[in-house]
Amino acid sequence: MRAELASLESRINHRFAHPEILLRALTHSSHANEARGQEAVRDNERLEFLGDSILGFLISEALMERFPEYHEGDLSRLKAHLVSAVHLYAVARRLDLGNFLQLGRSEEMGGGRAKRTLLVDALEAVIAAIYLDGGIGPVREFVASHVLDTPFEQLEGTDASSGNANFKGALQELAQARKLPRPHYVVLRESGSDNSKTFTVEARVGTLTAQAEGRTKKIAAQRAARSVYERLLPGTHSP
């Protein structure tokens, strides 16, 4: 396992002085429960709790520095996107965290290495592990490189009413990971007056489609992308 951890350390650009902390961050409760009685194994739930708070602080800090003119509501909208399960799931997939997880047999057989909840929890636990091993400096660099890698110009276009998340970006990443065609969007119709328009947009990935409405084309596209994205997640329908 140490060789595998070295590969992950290279990806996150942090060499652990105490690699057992990283191993714990990757240990799901299903594995810890199965190992109980054979060896002392601790799961990553407490680290996940700490990592969630550290991530929230560092995201808030970065947004305050980048957008000094923004009000609290605007900052909250951007933060909600960056700490959303959709965004963090994409980060965890890029790091290939699923291949490093320690799972029990049931989770392994149930496709746990691709489950969004497990991957997001593990990512937050890894953030806590970096902090406990090296302090705030290394974890701030990790968050800047992997969680805040979305161009701020794209963040400014994130709309709260679309779910506080860039589902179009998440859908494109998921389609690419599953070797599916690139998402395609079509405005099907416009209705209402100039001051109160409603747009209907269709999102398509292969043969899988979804339609959604919104007060702007961007919001409608985000909602349609979300519908397709959620249907493409592991364990759901795929084209």
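The values are calculated or read from the model by the stated rules, or taken from the named source; none is laboratory data. Keep in mind that what you see is a predicted model, and the values were worked out from it rather than measured. Virtual Cβ from ideal backbone geometry, glycine too; neighbours counted across all protein chains shown.
Here is how the numbers come out for the structure above:
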{"read-out": "Every residue from the stretch 66-85 that is at pLDDT 85 or above and closer than 28 Å to L8 by Cβ", "value": "K79, L82, V83, S84, A85"}
{"read-out": "The stretch 45-88, residues that are of a type in the set (D, E) and either assigned to a helix (DSSP H, G or I) or surrounded by 14 or more Cβ atoms within 10 Å (Cβ to Cβ) (or both)", "value": "E45, E48, D52, E61, E65, E72, D74"}
{"read-out": "Sole residue being surrounded by fewer than 19 Cβ atoms within 10 Å (Cβ to Cβ) and within 15 Å of L58 (Cα to Cα), chosen from I136, I130", "value": "I136"}
{"read-out": "V201 being among the aliphatic types (A, V, I, L, M), under 30 Å from V147 (Cβ atoms), surrounded by 15 or more Cβ atoms within 10 Å (Cβ to Cβ) and under 23 Å from the mean Cα position of the chain (by Cα)", "value": "no"}
{"read-out": "The listed residue being surrounded by 23 or more Cβ atoms within 10 Å (Cβ to Cβ), more than 9 Å from the chain's Cα centre (by Cα) and small (G, A, S), out of A122, A114", "value": "A122"}
{"read-out": "Within the stretch 188-210, tally of residues that are farther than 30 Å from G112 by Cα and at pLDDT 85 or above", "value": "9"}
{"read-out": "Selection within the stretch 211-231 - touching an Asp or Glu at 6+ places or on another chain (Cβ under 7 Å) and in a strand (DSSP E or B)", "value": "Q211"}
{"read-out": "Meets criteria (modelled with pLDDT under 85, surrounded by 21 or more Cβ atoms within 10 Å (Cβ to Cβ) and closer than 30 Å to E108 by Cα) for L174", "value": "yes"}
{"read-out": "Residue tally, condition farther than 14 Å from E4 by Cβ and free of Cβ contacts under 8 Å to residues at least 40 places away in the same chain, over the stretch 109-129", "value": "5"}
{"read-out": "N33 assigned to a helix (DSSP H, G or I), at pLDDT 85 or above and either out of contact with any Ser or Thr (no Cβ under 8 Å at 6 or more places or on another chain) or under 21 Å from L233 (Cβ atoms) (or both)", "value": "no"}
